[in-house]
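Here's the structure we're looking at; comments come further down.
The values are calculated or read from the model by the stated rules, or taken from the named source; none is laboratory data. Because the structure is a prediction, the values reported are computed rather than measured. Cβ atoms come from the backbone with ideal geometry, glycine included; neighbour counts cover every protein chain shown.
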Amino acid sequence: MQLFDNPASPFCRKVQVLLRETGQLDEVETTYAVGHPLAPDRMPLAENPLGKIPCLVRDDGPALYDSRVICRYLDARGEGGLYPEGRIWEVLTLEATADGIMDAAVLMIYEGRSRPEALRYPAWVDAQWDKIARALDALESRWMGHLAGRLDMGQIAVGCALGYLDFRLPDRDWRKGRTALAEWFEAFGQRDSMAATVPSA
Ligand code: BEZ
């Protein structure tokens with residue numbers, strides 16, 4: 001299988017962590033992809049009409065995207081048990097919460113990276129951060145029990161979201177007032193799969 005990937009992307013990191021946790025790393029050949037809607041030439045446009053990564057090209061079927069679909073597929077393929085039926089709605093909601101943090105953070109970064117200075121809108125950027133802050137508060141107040149449990153895809157997604165905040169938005173200090181989440185991330189980040197996939201530009 002071919003995986004279109006970028007080591008800075010938290011969505012791609014979810015897939016990379018899952019590949020390691022389920023012992024499937026050798027099943028995938030990684031192709032570097034980079035770009036955004038204004039510069040999509042080095043994105044997998046033929047494989048994913050949305051031009052987004054990660055995108056997984058299977059040997060025996062059409063390409064898969066987005067990260068949630070790819071992770072669910074690879075988990076089923078590798079019998080990883082990262083989407084346990086007994087708590088599936090919690091796992092999917094936690095994964096969606098983490099993906100929402102990533103979406104908002106990536107929008108903040110793209111605003112600075114690809115929008116001409118005169119067209120930037122700081123209030124819109126701050127509103128993205130407000131969304132992230134609310135989600136982080138929900139993790140701290142409602143999800144710590146789940147995060148402390150057996151490994152699942154919700155936990156992996158949260159780990160990748162927090163890692164991206166450290167990577168691209170360190171000045172926002174997401175740990176402030178969220179001691180339990182910060183402690184959880186400290187321990188979770190030491191998993192081999194997380195240590196091997198720390199984001200890089
Ligand atoms: C980044 O450089 O932050 C980035 C790269 C690819 C996808 C998302 C984010």
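Helices (runs of 4 or more DSSP H) wholly in the range 138-200 with at least 2 residues that are within 15 Å of Ser9 (Cβ to Cβ) and modelled with pLDDT of 95 or more - which ones?
153-168
Looking only at the range 59-72, count how many residues are assigned to a helix (DSSP H, G or I) and surrounded by fewer than 16 Cβ atoms within 10 Å (Cβ to Cβ).
Applying the first criterion (assigned to a helix (DSSP H, G or I)) to the range 59-72 yields 67-72.
Filter again for surrounded by fewer than 16 Cβ atoms within 10 Å (Cβ to Cβ), leaving 69.
Adding up the residues that qualify gives 1.
Name the pairs whose Cβ atoms lie under 8 Å apart, with the first residue in the range 123-145 and closer than 13 Å to Ala161 by Cβ, the second crowded, with 17+ Cβ neighbours inside 10 Å and of a type in the set (Ser, Thr, Tyr), and 6 or more positions between them or separate chains?
Every condition considered, the pairs that remain are Ala135/Thr97; Ala138/Thr97; Leu139/Thr97; Trp143/Thr97.
So Glu111 passes all but one of these: (1) of a type outside the set (Phe, Trp, Tyr); (2) in contact with a helix residue (DSSP H, G or I) (Cβ under 7 Å, 6 or more places away or on another chain); (3) more than 21 Å from Pro199 (Cα to Cα). Which condition number does it fail?
So the condition that Glu111 fails would be (3).
Do we have Asp171 as within 16 Å of the ligand (Cβ to nearest atom), touching a Phe, Trp or Tyr at 6+ places or on another chain (Cβ under 9 Å) and either in the same structural domain as Asp99 (by TED's automatic domain parsing) or not acidic (Asp, Glu) (or both) here?
no
Would you please name the residue that is surrounded by the fewest Cβ atoms within 10 Å (Cβ to Cβ), looking only at residues in the range 73-95 that are among the aliphatic types (A, V, I, L, M) and touching a residue at least 12 places away in the same chain (Cβ under 8 Å)?
If we take residues in the range 73-95 being among the aliphatic types (A, V, I, L, M) and touching a residue at least 12 places away in the same chain (Cβ under 8 Å), then Leu92 is surrounded by the fewest Cβ atoms within 10 Å (Cβ to Cβ).
Taking the range 1-53 on its own, how many of its residues are in a loop (DSSP other than H, G, I, E, B) and either within 9 Å of the ligand (Cβ to nearest atom) or of a type in the set (Gly, Ala, Ser) (or both)? Even if it seems obvious, please write down each step before you answer.
Here is the first cut: in the range 1-53, the ones in a loop (DSSP other than H, G, I, E, B) are 1, 6-9, 22-24, 28, 33-35, 37-38, 40-53.
Now drop any that are not either within 9 Å of the ligand (Cβ to nearest atom) or of a type in the set (Gly, Ala, Ser) (or both), which leaves 6-9, 23, 33-35, 46, 51-53.
So the count comes out to 12.
Consider Lys14 against the criteria (1) within 12 Å of the chain's Cα centre (by Cα); (2) farther than 21 Å from Pro199 by Cβ: it satisfies all of them except one. Which criterion is unmet?
(2)
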